[in-house]
Amino acid sequence: MAIELSDELIELERSAEAEREKALAGPYSVEAWQPWRDAAEAVQAAITAHAEAIGQPRFDVEAALKKLVRHPEPEGA
(Lines give C-alpha, C1' and ligand atoms only; values in the text may rest on other atoms or scores of the structure.)
Protein backbone atom coordinates (compact mmCIF):
# COMPACT_ATOMS: atom_id res chain seq x y z
CA MET A 1 0.00 0.00 0.00
CA ALA A 2 1.43 3.34 -1.04
CA ILE A 3 1.61 6.04 1.59
CA GLU A 4 -0.28 9.20 0.72
CA LEU A 5 1.83 12.33 1.01
CA SER A 6 0.36 15.81 1.08
CA ASP A 7 1.55 18.53 -1.27
CA GLU A 8 2.48 20.60 1.79
CA LEU A 9 4.68 17.81 3.14
CA ILE A 10 6.40 17.37 -0.22
CA GLU A 11 7.03 21.10 -0.50
CA LEU A 12 8.48 21.25 3.02
CA GLU A 13 10.92 18.46 2.18
CA ARG A 14 11.89 20.13 -1.10
CA SER A 15 12.51 23.40 0.76
CA ALA A 16 14.70 21.62 3.32
CA GLU A 17 16.69 19.99 0.54
CA ALA A 18 17.13 23.37 -1.19
CA GLU A 19 18.42 24.89 2.07
CA ARG A 20 20.84 21.97 2.50
CA GLU A 21 22.19 22.52 -1.01
CA LYS A 22 22.70 26.23 -0.27
CA ALA A 23 24.55 25.42 2.95
CA LEU A 24 26.78 22.89 1.20
CA ALA A 25 27.65 25.39 -1.53
CA GLY A 26 29.58 27.72 0.76
CA PRO A 27 32.05 27.54 3.60
CA TYR A 28 30.78 26.08 6.85
CA SER A 29 29.32 28.37 9.45
CA VAL A 30 26.60 27.95 12.01
CA GLU A 31 24.69 30.77 10.39
CA ALA A 32 24.87 29.20 6.93
CA TRP A 33 23.31 25.96 8.22
CA GLN A 34 20.59 27.57 10.39
CA PRO A 35 18.01 27.85 7.57
CA TRP A 36 18.45 24.13 6.84
CA ARG A 37 18.11 23.22 10.51
CA ASP A 38 14.91 25.27 10.75
CA ALA A 39 13.50 23.69 7.58
CA ALA A 40 14.49 20.18 8.68
CA GLU A 41 12.81 20.72 12.05
CA ALA A 42 9.61 21.82 10.30
CA VAL A 43 9.71 18.74 8.06
CA GLN A 44 10.20 16.38 11.00
CA ALA A 45 7.24 17.89 12.87
CA ALA A 46 5.07 17.68 9.74
CA ILE A 47 6.07 14.05 9.15
CA THR A 48 5.07 13.14 12.70
CA ALA A 49 1.72 14.93 12.40
CA HIS A 50 0.99 13.41 8.99
CA ALA A 51 1.87 9.90 10.15
CA GLU A 52 -0.49 10.23 13.10
CA ALA A 53 -3.24 11.65 10.88
CA ILE A 54 -3.10 8.78 8.37
CA GLY A 55 -2.37 6.05 10.92
CA GLN A 56 0.93 4.99 9.42
CA PRO A 57 4.32 4.50 11.08
CA ARG A 58 6.36 7.70 11.13
CA PHE A 59 9.39 5.90 9.71
CA ASP A 60 7.39 4.71 6.69
CA VAL A 61 6.06 8.20 6.00
CA GLU A 62 9.55 9.72 6.23
CA ALA A 63 11.05 7.03 3.98
CA ALA A 64 8.33 7.49 1.34
CA LEU A 65 8.76 11.27 1.44
CA LYS A 66 12.54 11.19 1.11
CA LYS A 67 12.35 8.64 -1.71
CA LEU A 68 9.82 10.78 -3.60
CA VAL A 69 11.80 14.01 -3.21
CA ARG A 70 15.38 12.75 -3.40
CA HIS A 71 14.95 9.86 -5.85
CA PRO A 72 11.91 10.59 -8.03
CA GLU A 73 10.72 8.07 -10.58
CA PRO A 74 11.84 8.89 -14.14
CA GLU A 75 9.25 10.44 -16.43
CA GLY A 76 7.00 7.83 -18.00
CA ALA A 77 7.95 5.09 -15.50
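The values are calculated or read from the model by the stated rules, or taken from the named source; none is laboratory data. Please read all numbers here as calculations on a predicted model, not as lab measurements. No Cβ is skipped: glycine too gets one built from the backbone with ideal geometry, and neighbour counts run over all protein chains shown. Side chains are part of the model used for accessible areas, which takes the heavy atoms of the whole protein and leaves out ligands, DNA and RNA. Shrake-Rupley method; radii C 1.70, N 1.55, O 1.52, S 1.80 Å.
Observations
- When a 1.4 Å probe is rolled over the protein heavy atoms, the share of accessible surface on the chain that falls to carbon and sulfur comes to 57 percent.
- Protection proxy ranking of 52-60, 9-17, 64-72 - average other beta-carbon atoms within 10 Å, highest first: 9-17, 64-72, 52-60
- Of the two radii for the chain, the radius of gyration is 1.03 times the Kirkwood radius, both from the alpha carbons; that is the Rg over Rh value.
- What the chain shows is 70 Å² of accessible area per residue, with the surface traced by a 1.4 Å probe over protein heavy atoms.
- Placing dummy labels 7 Å off each Cα toward the beta-carbon, the span from Glu11 to Arg70 is 2.3 nm.
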